[in-house]
Amino acid sequence: MSVSVFDHPWLSALLGDDEVAHYFRPEVELSAMMRVETTLARVQAELGLISAEAARAISATLQNFQPRMTDLAAGTARDGVVVPDWVDQMRHAVGPQHARELHFGATSQDIVDTAFILRLKPILTIFDARLVALDQALAVLTDKAGTRPLQAYTRMQAAIEITWADKFMAWRAPLRRHRDRLAELSPRLLVVQLGGPAGTLDKFGDRGSALVQSFAAALGLGAPPGAWHSARDTIAELAGWLSLVSGSLGKIGQDIALLAQMGAIVLAGGGKSSAMPHKSNPVPAEALVALARFNATQLSGIHHAVVHEQERSGAAWTLEWMILPQMIVATAASLSRAAALLDADVLSIQGS
């Protein structure tokens, strides 16, 4: 049994996305955190903040380090975040000679947030590629049936005659804008978080700025103008983008469900009814509507998580963990379900 539909044993087949959900698996998250810690140690050694010997020992030890998961769970329940117990375990593995140089000057949020951004980067690449594929699928449908007439409906009432090309263009235009929005957002979003206990880089002296630049370059991310540990507007901007994407796909799903109801289209492989054998339910279209509405409701929660008290909020940060991964997977599922639905072999346009 599962609490979330996104990893439920059968509901995930309707609403989940294995490719993107992979990036939220515990072992993938811990691997990203490990990369952050080892990279931080290496860059700190290059700048003379810790010894080169310590950086080598940290890297060598952590290559095969396996944390005790039960201790991580107990530590998270106690500390509100996994990092303190995880760092304690790693320091014990590194040994007393170099233990204090591991995680030097960093705080839990530096590790967790930067590891999240590392995992987010390939996800955004997947999203962009799927938006391109959807646009191409609609181009195929336009070439195939774009000149055919279609009854338009405004306010759920018959309006004038349009063409299928008009309908497809209304679906395509937002997808292109979402790609533009993503390209504009990504440089702001895909940046490291490194600020130390209160975001001031206090342990690094006059080498703080150089450390952030080198740390970011080593991870293939951008260097922000300052710590963003308590300024979550860009995270909220991402959530808004996710909701816009799933919302546009939900509109497509809603249109397709209504078009199927009217007989304007037939969907191959429609869903069966346990009581009415004659039915062919537009299940993928309905899923797009449900996922759009899910993300729209979650967006409010992310906006609540923007409100941090002073230099860090445990409550707001925890709320992010509860909501944002599900929004990301919901958007991924929307994109994959829309691609399957808009396949020219699935969506059959009726009439002349």
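Let me confirm something: among Ser12, Ser31, which residue is open to solvent by less than 40 Å² (accessible area, probe 1.4 Å) and within 27 Å of the chain's Cα centre (by Cα)? I'd like the intermediate steps shown before the answer.
Values: Ser31 fails: open to solvent by less than 40 Å² (accessible area, probe 1.4 Å).
Sole residue among the options that is open to solvent by less than 40 Å² (accessible area, probe 1.4 Å) and within 27 Å of the chain's Cα centre (by Cα): Ser12.
For region 297-328, name all the residues that are touching a residue at least 40 places away in the same chain (Cβ under 8 Å), surrounded by fewer than 16 Cβ atoms within 10 Å (Cβ to Cβ) and of a type outside the set (Val, Ile, Thr).
Hits for region 297-328 are His303, Gln310, Glu311, Gly314.
Tell me the helices (runs of 4 or more DSSP H) entirely within region 39-112 that contain at least 2 residues that are touching a residue at least 40 places away in the same chain (Cβ under 8 Å) and buried (at least 20 other Cβ atoms within 10 Å of the Cβ).
Numbers: elements: 52-62, 69-79, 83-94.
Output list reads 52-62, 83-94.
If I filter region 115-122 for residues that are surrounded by 16 or more Cβ atoms within 10 Å (Cβ to Cβ), in a loop (DSSP other than H, G, I, E, B) and out of contact with any Lys or Arg (no Cβ under 7 Å at 6 or more places or on another chain), do I get at least one hit?
For region 115-122, residues surrounded by 16 or more Cβ atoms within 10 Å (Cβ to Cβ), in a loop (DSSP other than H, G, I, E, B) and out of contact with any Lys or Arg (no Cβ under 7 Å at 6 or more places or on another chain): absent.
Only one of these is surrounded by 22 or more Cβ atoms within 10 Å (Cβ to Cβ), hydrophobic (A, V, I, L, M, F, W, C), modelled with pLDDT of 95 or more and within 30 Å of Leu201 (Cβ to Cβ): Ala239, Ala223. Name it.
Ala239
Using beta carbons and a limit of 6 Å, which pairs, at least six apart or on different chains, have the first residue in region 335-351 and surrounded by fewer than 22 Cβ atoms within 10 Å (Cβ to Cβ) and the second one in a helix (DSSP H, G or I) and among the basic types (Lys, Arg)?
Ala344/Lys144
Name the single residue that is farthest from Arg179 (Cα to Cα) among those in region 123-149 being in a helix (DSSP H, G or I) and among the polar types (S, T, N, Q).
The qualifying residue farthest from Arg179 (Cα to Cα) is Thr142.
Would you please name the residue that is most open to solvent (accessible area, probe 1.4 Å), looking only at residues in region 15-28 that are assigned to a helix (DSSP H, G or I) and closer than 30 Å to Glu286 by Cα?
Checked region 15-28; the qualifying residue most open to solvent (accessible area, probe 1.4 Å) is Asp18.
Take the conditions open to solvent by 10 Å² or more (accessible area, probe 1.4 Å), in contact (Cβ under 8 Å) with a residue 40 or more places away in the chain and not in a helix (DSSP H, G or I) and apply them to Ala152. Does it pass?
Numbers: open to solvent by 10 Å² or more (accessible area, probe 1.4 Å): yes; in contact (Cβ under 8 Å) with a residue 40 or more places away in the chain: no; not in a helix (DSSP H, G or I): yes.
No: the conditions fail for Ala152.
The values are calculated or read from the model by the stated rules, or taken from the named source; none is laboratory data. All values derive from a computational prediction rather than experimental measurement. Cβ: placed from backbone, ideal geometry, glycine included. Neighbour counts: every protein chain shown. For the accessible areas, the whole protein counts, side chains as well, though only heavy atoms, and no ligand, DNA or RNA atoms are used. Shrake-Rupley method; radii C 1.70, N 1.55, O 1.52, S 1.80 Å.
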